[in-house]
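Each remark here refers to the structure printed beneath this line.
The values are calculated or read from the model by the stated rules, or taken from the named source; none is laboratory data. Because the structure is a prediction, the values reported are computed rather than measured. Cβ coordinates were reconstructed from backbone atoms using ideal geometry, including for glycine residues, and neighbour counts include every protein chain displayed.
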Amino acid sequence: MTAAVEPGGQLTVGGLRLVDLAEQFGTPLFVYDEEHLRARCAEAVEAWGDGVAYATKAFLCRAMAQLAHQEGMCLDVSTGGELHVALRAGVAPERLVLHGNNKSAAELARAIEVGVGRIIVDSFDEIDRLRVLSVEAPAPPKVLVRVTPGVEAHTHEFVRTGHEDTKFGFSIASGAAWRAVEELRSLTGVDLAGIHAHIGSQVFDVSSFEQAAEILGRFFSPLGLDELCVGGGLGVAYVNGESAPSQAEWAEAVRAACRAEGVAPTTRITAEPGRSIVAGAAITLYRVGTVKALTDLRTYVAVDGGMSDNPRPVLYGSGYEAFLPREANAERPLGVRVVGKHCETGDIVVPEAWLPSDLAIGDILATPVTGAYGYSMASNYNKVPRPPVLFVADGRARVVVRGETLDDLLRLDT
């Protein structure tokens, strides 16, 4: 949001030159625009209301948890680890929503102990665990039933979750969702608050959300419950030519579809955006180490990161752009394949990138829109340390996650 190009061509974010940040903090480096993050959180709260939750799986550290909490969002956590980070960040337990298709008894017990605001129930096995754990609970935990509406979202098959053949939730079509509602209603130690669904990630077509909302509305209306959460999944533009709906457009489409199916105006309708909050807020900076031109084939440009800091191209074939922040507006006539430093042919960052013809060894190369599922899915493959994460704002940079050292790679060895 605060990106600007200086007269000499240098790109700045948060009032700081990206090239200077790379020199000061090293590469690879994640740079997040803090103003952008806060603005996206505010948009989500404006569109959905107080109950909207940031899906922390997209990117989580204590600073991110604190920022989302400060901006009025709840936080959606899906493991005991994410729960621990959110609590250590000072997020009020009642502002947390616990997800997960295979929550352990220990995770459920911890959530009940601290007073997590909502637990999203995902299986009959989990209902059995809650039946035992709720007996000694200090207060009945509020729960939502996760249902699968049978919608084939228009997105990658690995991130579709609303269709019938999925590990998540209870099928509406099969009757499992109704049985789950009935079982939870029979538990005196559990407070059934509502219904939850999620149809997938990186969804650009609002009609997919509308279709899901229609099915959910028909199921939800007769139940007499107070809350309906439609999950997340709003798409984000990663490459030139892509566009995505806004939070407001998404929310209005869902609400209209719910109203048409008889959902009461007093119902608390919420969502759980993650990618759309953080993806566009960050840029990853790399340093070019090798340029290898293969006659009549292609030119490979190797950088000092790769699939260890951004596995999405390998996992999903995800597309990105690349440019040189030293001259952001330069013509980019040179077609290259940007690759990482890992011992894998598939270690590709940008399969078809366009860069300035004066590209040189040592240049800082940037890939934008890396704020979601980059650092959060990072690994130490080939024993590469994970990079640092910066938040920049008003001409200042702060390290919110320090870069790992080589000694960090040995910490767990015995």
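At-a-glance table
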| read-out | value |
| --- | --- |
| Positions within the stretch 204-259 being on the phi > 0 side of the Ramachandran plot and touching an Asp or Glu at 6+ places or on another chain (Cβ under 8 Å), in sequence order | G231 |
| Filtered residue count, the stretch 133-153, keeping only those that are farther than 16 Å from A109 by Cβ and either in a loop (DSSP other than H, G, I, E, B) or of a type in the set (D, E) (or both) | 5 |
| D394, sole failed condition from (1) more than 22 Å from V314 (Cβ to Cβ); (2) crowded, with 16+ Cβ neighbours inside 10 Å; (3) within 26 Å of the chain's Cα centre (by Cα) | (2) |
| Criterion (modelled with pLDDT under 90 and polar (S, T, N, Q)) met by exactly one of T148, T155 | T155 |
| Within the stretch 22-61, considering residues that are more than 14 Å from G274 (Cα to Cα) and of a type in the set (S, T, Y), the one surrounded by the most Cβ atoms within 10 Å (Cβ to Cβ) | Y32 |
| E46 among the charged types (D, E, K, R), at pLDDT 95 or above, closer than 30 Å to T166 by Cα and not assigned by TED's automatic domain parsing to the domain that holds G371 | no |
| Residue in the stretch 367-388 that is nearest to T56 (Cα to Cα), counting only those that are of a type in the set (A, V, I, L, M) and in contact with a helix residue (DSSP H, G or I) (Cβ under 6 Å, 6 or more places away or on another chain) | A372 |
| Members of the stretch 185-226 found to be over 29 Å from A248 (Cβ atoms) and surrounded by 19 or more Cβ atoms within 10 Å (Cβ to Cβ), listed by number | V190, L192 |
| Conditions (1) among the β-branched types (V, I, T); (2) assigned to a strand (DSSP E or B); (3) more than 24 Å from the chain's Cα centre (by Cα): number failed by V31 | (3) |
| Matching helices (runs of 4 or more DSSP H) fully within the stretch 173-280 where at least 1 residues are among the β-branched types (V, I, T), in contact with a Leu (Cβ under 7 Å, 6 or more places away or on another chain) and touching a residue at least 24 places away in the same chain (Cβ under 8 Å) | 176-185, 275-278 |
| The stretch 275-333 - residue that is more than 30 Å from L67 (Cα to Cα) and among the hydroxyl-bearing types (S, T, Y) and, of those, surrounded by the fewest Cβ atoms within 10 Å (Cβ to Cβ) | T295 |
| Y373 vs. criteria of a type in the set (S, T, Y), surrounded by 16 or more Cβ atoms within 10 Å (Cβ to Cβ) and at pLDDT below 95 | no |
| Selection count, the stretch 68-89, where residues are surrounded by fewer than 22 Cβ atoms within 10 Å (Cβ to Cβ) and touching a residue at least 40 places away in the same chain (Cβ under 8 Å) | 0 |
| Whichever residue in the stretch 280-330 is of a type in the set (A, V, I, L, M) and touching a helix residue (DSSP H, G or I) at 6+ places or on another chain (Cβ under 8 Å) and, among such residues, is farthest from I348 (Cα to Cα) | A281 |
| Matching residues, the stretch 90-138, being surrounded by fewer than 19 Cβ atoms within 10 Å (Cβ to Cβ) and within 20 Å of the chain's Cα centre (by Cα) | N101, N102 |
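Residues are listed down the side, and each one gets a yes or a no for (1) without any contact (Cβ under 8 Å) to a residue 60 or more places away in the chain; (2) in contact with a strand residue (DSSP E or B) (Cβ under 7 Å, 6 or more places away or on another chain):
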position	(1), (2)
V301	no, yes
P313	yes, yes
G319	no, no
P356	yes, yes
N382	no, no
F391	no, yes
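Residues checked against (1) under 16 Å from P387 (Cα atoms); (2) of a type in the set (D, E, K, R); (3) assigned to a helix (DSSP H, G or I):
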residue	(1), (2), (3)
T284	yes, no, no
T290	no, no, no
D296	no, yes, no
L315	no, no, yes
R326	no, yes, yes
R332	no, yes, no
R337	no, yes, no
